[in-house]
Structure formats: structure tokens, C-alpha cells
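*Asks:* Let me begin by handing over the structure; questions about it come next.
What follows draws every value from the coordinates through simple rules; no lab data is involved. Because the structure is predicted, anything quoted here is derived from the model rather than measured. Ideal geometry is used to build each Cβ from the backbone, glycine not excepted, and the neighbour counts take in all protein chains shown.
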């Protein structure tokens, strides 16, 4: 095999799977280290390249998310350790059928790079494709779209009297609740969580108390300065409403002194 690799000028050797090339006891730390150093590392030096060994994690490795199997000597002997897995749903969440083709590649260990970094991928036409978050103008458009979806869902939830919370430990945590809705337009909990944080920072959404004062319970409503896509304001906030557009211009704001106050200013761009 080494002779063929040199003849082809290969600089990457992939051993798939580890159980097919290692005949020893994977629970033996010394055997694991000796195989890596005398076998795979030797192979890499001979081709002036790298060796990649693919292995299946144990049930414990899958459950913990470590991706390990056998002795801890395995990840200790390698220079780098990456783990490919299916994204796991949050606790008490049902698996998303749309995520069946999704994978996440996580760097668990590296001698020359930061551990914990992830690459999101999706299975398409027989291969895994990287699905990076768009940057620049496209990224800005996507972020605004996620924000719009979140604002719309807050408004719908309040109209349905299904109030949502900003607390991650609450049963009605907004991103978690919205990720189960069919009108979330494909955004997942992580997308909606980021959108919620942006909207809180901008003041587009705010927390208001509800229920008995002794409960100290808060829910999310649309903020007084929100002007995203003509979403109506909540009556508790109520000093900004979006009016119907004129024939020659976009919607114009009608500002009030307060939820029940008299008009303060009227501004018509038309």
C-alpha cells in the first residue's frame, strides 16, 4: 500500500475504517499509541503528507458527543480529532424532518488550531456540501429576513394568546416554540435565537410583565420603535403604529404620546 501511495504521489492516506486496519485491543492504551506512532504516523512521514483514520464512535461516545471509542489513548495519540454527527434536537424537542440530511463536523482536538469550531454540511447528490452562513449583502438580507420572521411570529403568538418568553429555561422560550411552527419559513432554533438577540438590542422587541405581580413573569411584545415590515404594535406598547400606504409612497408612521394619549406628530411621506 505504501509503495502504491508513493507511486501515485499521494499526500493524503485515508484508512477506513480503523477496525479494518487495527487488529489489536482498542481498549489498550499502549497498543493504540503504538499503532498510531509506528503505523499511521510512519505512513504519513513516508509520503510527506498526512494520514486520516476513520472510526465509528461507541454508544457512549455518541451519547456524550465526544465521538470517542475505546481507550482515551486514541485521541491522545493523534494530532487532530474531528467528529461528524447529525445535529441533535434540543431537550424535549422533536427531531426536525428537514434536518435529516444535515451534518456537523466539529474539531474536537488539534495541536495547531482552536478546538470546538464547527463546519455545517448537507448531503446532496451523493456528497456533503458545506453550507456556510452567507456574508456581505446576502448575509445582511438573510439576517433581516430572520428578524422579520421572528417579529411576525411574536405578533401571531400574542394574537393567539400563546405568549412567549425570552428565558431559555422557560417552557415557552420563544425560539424553541417558534422552531416548531410551520410558518417559521425554514429557520431553526439557532437562527431564531440570534434574531431574538438582535431584535432585543435594537429595541424592536421588549419584555413586559403579565399575570399576577407576585409571579414576576414576562413575555415578549413588539417594541415601541419597531418599524419592521409594517408589523402592528402591541397595545401595551402602543406609541407607534404603521398606517396604510398612500398611493404614491410607502407606509407612514403615526406617532402617539402613549398607549392612550393624544397624537403627538403625524408624518406623511406622500
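*Asks:* Could you put 124, 156 in order, starting from the residue whose Cβ has the fewest other Cβ atoms within 10 Å?
*Replies:* Lowest count first: 124, 156.
*Asks:* Output the Kirkwood hydrodynamic radius of segment 1-78, Cα pairs only, in Å rounded to one decimal.
*Replies:* Here the Kirkwood hydrodynamic radius works out to 13.2 Å.
*Asks:* Can you work out D for segment 139-216 in µm² s⁻¹ from Stokes-Einstein, where Rh is the Kirkwood radius over C-alpha pairs, the temperature is 10 °C and the viscosity is 1.306 mPa s?
*Replies:* Estimated via Stokes-Einstein, D reaches 123 µm²/s.
*Asks:* Now for a separate question. Quick check: pseudo-label points 7 Å beyond the Cα along Cα→Cβ at residue 66 and residue 131, how many nm apart are they?
*Replies:* Inter-label distance under the simple model: 2.9 nm.
*Asks:* Related question: When 88, 114 are ordered from fewest to most other Cβ atoms inside 10 Å of their Cβ, what list results?
*Replies:* In increasing order of surrounding Cβ atoms, one gets 114, 88.
*Asks:* What length, rounded to one decimal in nm, is gained on full extension from residue 5 through to residue 216, with 0.36 nm per residue of separation minus their alpha-carbon distance?
*Replies:* Additional length available on full extension: 69.2 nm.
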